[in-house]
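The values are calculated or read from the model by the stated rules, or taken from the named source; none is laboratory data. Note that the structure is a prediction, hence the values are computed from the model and not measured. Cβ sites come from the backbone with ideal geometry, for glycine too, and all protein chains shown count toward neighbours.
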Amino acid sequence: MEGELIMNIPRRKFLKIAGAAIAGAAAVKFGVGELTETANKSSAAADNSSNMSAVNNSLSRSPSTDKSKVYFTKNINADNLIKIYEKINGNITGKTAIKLHTGEPHGPNILPRDMVQKFQAQVSNSTIIEANVAYGGARSTTARHLETLKTNGWTFCDVDIIDSEGDVNFPVNGGLHLKEVAMGAHLTNYDSLIVLTHFKGHAMGGFGGSLKNIAIGCASGKVGKRQVHGLTDYGSWVTGELLMELMADSGKAICDHFGKNIVFINVMRRMSVDCDCAGTSAAEPTIPDIGIAASTDILAVDKACIDMVYNSPNNKDLVERIESRQGLRQLTAMHELNMGNPDYELIEID
């Protein structure tokens, strides 16, 4: 019954409920042990270092002899976005989807439309894709979502609401919890996927990188997002390690589906502790912009961005958000699912 009612919860109320649930939730452990401690507002730099060390130790349990390439530029603009994409686009062919978080109405932190427009124009046969959300509000139905796209200026190319005609189940091979996830049905119309992510914090996931962008962002609003949030099997919104594991399962289904025809770009600008789904209520960023990272390896690119956040000045608020939600579990869950290589080489293109 709770899962049936959740679709009618307004976005602002949903965010309050989610925050309250997270604040009161105990750590959830499913066979891998606690990898990070819950951060509190007085977390010191030493604690942050300790948490990252624990995760790094876990990620190095099965070291690879090779390093994944992660390209990086500190200059965030359209030209460098195109330049860094050209380093990784060798297998992007055919009809191409660009998965982008287009944001709630008037969201202050979404990626600049002019930058995305120039980028999209360079990708032949490409379309921006989105999916409806699982909570009420301006993106809960296709009709309202299309109006929000106009409000936010995403009018320079087609935007495909991929669950506007239902969903299709993607199998999760060897998943931690899920056997399949319902994705927007239109996702199967594309040959390649560019995951263009605004890297930032997230109220429930701790941080939103490439994994969150596809794991939640491509799941259908009526079915898939409930699966990833645990509503179907667990009956309530899950938090902590279990949520990160469900996200990894969903992300694996998409990565397996596209195989080599998927790439990941994380833009580290205006990194609020809140996701772009918070809209105008998102907290003002306190950490400086870092740059753009890109890779064909989802784990490597998200890990590289986390490392840069942890090494950045004025990172306390964002690190606290990541650790208080056990967000680092995203990385170790992806590693356990063999989704990528945490050992990477950072290659600057400037």
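Just a few scattered comments:
- If you go through the range 191-214 and keep only what is more than 25 Å from Cys275 (Cα to Cα) and under 20 Å from the mean Cα position of the chain (by Cα), you end up with just Ser192.
- Taking the range 309-330 as the range and being over 19 Å from Ala203 (Cβ atoms) and not in a loop (DSSP other than H, G, I, E, B) as the test, only Tyr310 passes.
- The range 181-198: number of residues that are outside any strand (DSSP E or B) and within 15 Å of Gly251 (Cβ to Cβ): 1
- For the range 87-105, the set of residues classified as under 19 Å from Phe258 (Cβ atoms) and not polar (S, T, N, Q) consists of Lys87, Ile88, Gly90, Ile92, Gly94, Lys95, Ala97, Ile98, Lys99, Leu100, His101, listed by residue number.
- Within the range 222-242, considering residues that are under 24 Å from Ile265 (Cβ atoms) and either within 11 Å of the chain's Cα centre (by Cα) or in contact (Cβ under 8 Å) with a residue 60 or more places away in the chain (or both), the one surrounded by the most Cβ atoms within 10 Å (Cβ to Cβ): Gly224
- Cβ pairs under 7 Å, 6+ apart, first in the range 294-312 and within 13 Å of Phe72 (Cβ to Cβ) and in contact (Cβ under 8 Å) with a residue 40 or more places away in the chain, second hydroxyl-bearing (Ser, Thr, Tyr) and buried (at least 24 other Cβ atoms within 10 Å of the Cβ): Val301/Ser210; Val301/Ser295
- Flag for Ala131 being over 19 Å from His198 (Cα atoms) and among the hydrophobic types (A, V, I, L, M, F, W, C): no
- Residue that is surrounded by the fewest Cβ atoms within 10 Å (Cβ to Cβ), among those in the range 264-291 that are among the charged types (D, E, K, R) and under 16 Å from Leu196 (Cα atoms): Arg269
- Of all residues in the range 124-140, those being modelled with pLDDT under 95 and out of contact with any Lys or Arg (no Cβ under 7 Å at 6 or more places or on another chain) number 2.
- Matching residues, the range 313-337, being out of contact with any strand residue (DSSP E or B) (no Cβ under 6 Å at 6 or more places or on another chain) and either without any contact (Cβ under 8 Å) to a residue 24 or more places away in the chain or of a type in the set (D, E, K, R) (or both): Lys316, Asp317, Glu320, Glu323, Arg329, Glu336
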